[in-house]
Amino acid sequence: MSDAGKNFKIEVQGIIRKLRKLPGAVDIEVRRAFVERGIGFTFEMKKNAFTGYSGNRNSDRLLQNRSGLLRRSFDYVVTGGLKEGKPLTLLVFSQGVKYARLQEYGGVIRPKKAKNLTIPLDDALTSAGVQRYSSVRDLISYHPKQVFFKTVNGKTFVVSRGVPGRDYKREPKLLWLYILKKSVKIPPRLGFRDRWKSSPETMRLLRKAMRRAADRVEREKKQEGGT
């Protein structure tokens, strides 16, 4: 065999060894990219999909962060890979919050037992947007003088006369506690899927992972040649 033939054979064997190591390198680097994307996406959701309670109850663009349950529910997991013999997969999700699906896809809320939904107004909320009263008994104890107020256009409100703990006669202020509604339509506003689809970050990280995998194999090949 000529020297050219020997050199070609040696080069082919080197390529074969390199290709055999490539899947393992890809598995390592893609897993790393998936972890990075999972962390980044969940952080992005927690930071950009919510706003603090502002009293603007008509805002549909962002969710008002009150209890923080939905914001804390976002997580990710990376499964599969060469060791498991399954495709390497990144899962991003929300768990443990029943109303997450409603906020993502939208829908109509109707009362299950009562005739109307009681939608709390600002006077029934704390400065953080959390309801002041956990039960009807609690509400009545603070506001014994409640009345139903119906406007000319048919809207019905629960109103209290006076400020709790003060003389009602000296403080005749009206507190607007609730509005009664037969149903409430919730628009889709979480944007979980749209944020994932519209972000170029996943493909950017995968391209970097492929380059790192090729570099890893090349380094290992040079180390073998030096031993």
**OP:** Treat segment 174-227 as a sphere of radius equal to its Kirkwood radius over Cα pairs and apply Stokes-Einstein at 20 °C in a medium of 1.002 mPa s; give the translational diffusion coefficient in µm²/s, rounded to a whole number.
**Re:** 127 µm²/s
Original post:
Between LYS182 and THR156, how many nm apart are label points set 7 Å from Cα along the C-beta direction?
Top reply: 1.2 nm
**OP:** Using a Förster distance of 25 angstrom, determine the FRET efficiency expected from the C-beta separation of THR79 and LYS208, and round it to 0.05.
**Re:** 0.75
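We did not get these values from a lab; they are worked out from the coordinates using the rules stated. In this text the structure is predicted, and so the values were computed from the model without any measurement. As a convention, Cβ positions derive from the backbone with ideal geometry for all residues, glycine included, and neighbour counts pool all protein chains shown.
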